[in-house]
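The values are calculated or read from the model by the stated rules, or taken from the named source; none is laboratory data. Keep in mind that this is a model prediction, so the values were computed, not measured. Cβ atoms come from the backbone with ideal geometry, glycine included; neighbour counts cover every protein chain shown. These accessible areas exclude ligands, DNA and RNA; they are computed on the full protein's heavy atoms, side chains included. Shrake-Rupley method; radii C 1.70, N 1.55, O 1.52, S 1.80 Å.
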Amino acid sequence: MLEYGFFLLWVLTIAAGGIFSYVSMTSTAASGFGTINTSVFPEPIASISGWLLIALPLYGVLYHMIAAVGLYADASKLHAAELDWYPFPILYAAGGLALSALVVLPYLRKRYEYLPPNSSSRLWFPIVMFCVSGGFLALVGFGIGGLDVTATLVLLGLGPPLALAVYHDAKRVNARTDWQPNPITYFMSVLFTTVLLVGPYLIGGLYIYKRRQVA
């Protein structure tokens, strides 16, 4: 609930921002015969953008409640388990209700330190390799269309899928090797350095290098 609820929030944010930016590239020009719409984008795309921009804040509010309920339920189970970490359910629930993902992500990161995740699909590592190698596409895009093309490729097409793929592959590595990379640590590192454009590829390359040494 906590993880996939956040993933949905993240996907909605990227989709809304990406489509809104896509639509904002259109323009209208006035002429002596009236207004000429120079948009090459169909009207449904603009409609989807509008609905996403409406749905995003609504789901953002909903996720505060999801975070509170999920944190309380999970922290209650962990508090009763025989672990060295005893999270206080009420404290985390209050934090989740007020700050949602700002509390959920550190909580999940700490949770994986004490309770390693189960295995995940083997198909995620090829996606990691594809996204990291996709950095060359970003360089090609820079040569063809400049920074605008590169930023679009990285921010929407390569960085976010890399973050999700590294997260899932790290769960598999945790369960099958002696190396225990924290899935949330890598997920946040890739996601939040996407704005630096080169950040995801440096972290993704480091992850691949370490993984090759143990798997």
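In order along the stretch 110-123, the phi-based Karplus estimate (6.51 cos²θ - 1.76 cosθ + 1.60, θ = phi - 60°) of 3J(HN,Hα) comes to 5, 4, 6, 5, 9, 9, x, x, 6, 5, 10, 5, 6, 6 Hz; Gly and Pro are listed as x.
Within 12 Å, Cβ to Cβ, of Pro116, how many net charges do the neighbouring residues add up to if Lys/Arg are +1 and Asp/Glu are -1? Net charge around Pro116: +2.
Cross-link partners among lysines for Lys210, C-alpha distance below 30 Å, same-chain residues fewer than 8 apart left out? Cα-Cα hits under 30 Å: Lys110, Lys171. When Asp178, Asp84, Asp169, Asp74 are compared by accessible area of protein heavy atoms, the largest-first order is Asp178, Asp84, Asp74, Asp169, using a 1.4 Å probe. Of the peptides 200-207, 58-65, the ranking by mean beta-carbon count within 10 Å, highest at the top, reads 200-207, 58-65.
Largest first, the three principal axis extents of the alpha carbons in the stretch 155-215 are 32, 17, 16 Å in whole numbers.
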